[in-house]
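Here's the structure we're looking at; comments come further down.
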Amino acid sequence: MLPFKLVYHEGYDLNLGAHIFPSQKFRLIAEQLKKQGVADEQDFLRPEAASEEDLLRVHTEDWVRKLQTGTLTLSEIMKLEVPYSRELAEAFWLAAGGTILAAQNALRDRFAANIGGGFHHAHAGFGEGFCAIHDVAVAIRRMQHDGAIGKAMVVDTDVHHGNGTAAIFKDDASVFTLSIHQENNYPGYKPPSNVDLGMDDGVEDDEYLYALMRAVNRSLDEFKPDMLFYVGGADPFCEDQLGGLKLSKGGLKRRDRQVFVEAHERGIPVVSTLAGGYARRVEDTVQIHINTIVAAREVILAAG
């Protein structure tokens, strides 16, 4: 049994079929967590879809309505880069509800993970890069609306810049955004986060971890968030098809563990979501995400 909760719903699968984004990974992660003995059935919570009220704290009414009715333009679908379906929209609604539920549980347990979410390219009025609804932003706004938190920090470790996060929170002093990513990669235009760490092509474990933890420590000390939302990217992995960094599986787990340690030592609850992951072998992507959960368990159990 884990000392925290995992949030998962079988409806997270975006039903993309043969696609570079392996959306079946959500199911595979949940299955492997149980098969490997990391978690059992009672560790999982099943979310409800986010409400329209929740979504409209972040997204425009026009964009939400288009997703509800399937009336996206061809250019909007091309920007989204995934085929629209009713199941797709429902999956994004569920992912947002899942990150809200994880945030609510993190307040009690100091950590919780959504085995989904992390859709950081979604903007207020459009989607792009496989992301239609920004679940992390929706959860932050819901937690602030409920008075559960005042300030939030987003630490985004996807190999691609968190452009939607930066754009949504650009004028908001209550949310601090940090993105570590490959500079010469998608998206072309990168709106400024509070801290942007653009890594050169081919960067390996030690250089990456030094840059990240130096920035995380300084940002935590200066901003003092009430909650940290961790977007755990699997795509800095050396064998990722859409990334050009060279981190090992061990380096990625060290990354997760070090961020969790720094937050835990400061008493800051952590909400973890997934991100990226386009390895040639989907099994590698799945294991990288599982290692994030293992790293969190190790940190919390070591702290007693």
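Read-outs: derived from the displayed coordinates by stated rules, not from any lab. On a predicted model such as this, the values are computed, not experimentally measured, just so you know. Cβ: placed from backbone, ideal geometry, glycine included. Neighbour counts: every protein chain shown.
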Could you tell me the center-to-center distance, by alpha carbons, between region 127-174 and region 220-265 in angstrom? 16 Å
Distance histogram in 5 Å bins (all Cα pairs of region 125-282, percent per bin): 2, 9, 20, 23, 21, 15, 7, 2, 0
Just want to confirm a number: the relative contact order over the chain, from Cα pairs under 8 angstrom separated by 6+ residues, in percent. 19 percent
Could you tell me what percent of the DSSP beta bridges with both partners in the chain are antiparallel, to the nearest 5? 5 percent
Just rank 290, 133, fewest to most, by other beta-carbon atoms within 10 angstrom. 290, 133
Positive-end residue of 175, 261, 114, charge dipole of the chain with Cβ unit charges: 261
How high is the relative contact order of region 167-220, given as a whole-number percent (alpha carbon pairs under 8 Å, six or more residues apart)? 32 percent
Relative contact order of region 115-157, please, whole-number percent, based on alpha carbon pairs below 8 angstrom and at least 6 residues apart. 27 percent
Of the listed links 190/224; 151/224; 25/249; 5/34, those spanning more than 19 angstrom between alpha carbons are 190/224
Which residue, chosen from 125, 272, 91, occupies the Cα position most advanced towards the positive end of the dipole of the chain, where the dipole is computed from +1 (Lys, Arg) and -1 (Asp, Glu) charges on Cβ about the Cα centre? 272
Among DSSP bridges having both ends in region 210-304, what percentage is antiparallel? Round to the nearest 5. 10 percent
Given 30-37, 257-264, 118-125, 135-142, the highest-first ranking by average Cβ count within 10 Å works out to 135-142, 118-125, 257-264, 30-37
Run the quick spin-label model on residue 51 and residue 35: label points 7 Å from Cα toward the beta carbon, then report their separation in nm to one decimal. 3.9 nm
For the residues 55, 209, 101, what sequence is obtained by ranking on other C-beta atoms within 10 Å, fewest first? 209, 101, 55
Rounded to whole Hz and in sequence order, give me ³J(HN,Hα) for region 157-164 from the Karplus expression 6.51 cos²θ - 1.76 cosθ + 1.60, θ = phi - 60°, writing x for Gly and Pro. 10, 4, 5, 9, 4, x, 5, x
Tabulate in residue order the Karplus-calculated ³J(HN,Hα) for region 195-205, using 6.51 cos²θ - 1.76 cosθ + 1.60 with θ = phi - 60°, rounded to whole Hz; enter x for Gly and Pro. 9, 10, 10, x, 7, 5, 4, x, 4, 10, 3
From the mean inverse distance of alpha carbon pairs (Kirkwood) and the Cα radius of gyration, derive Rg over Rh for region 1-139. 0.98
Binned Cα-Cα distances of the chain, short to long, each 20 Å bin given as a whole percent: 38, 60, 2
When a footprinting reagent is the concern and you count Cβ atoms within 10 Å, what order do 222, 183 take, fewest first? 222, 183
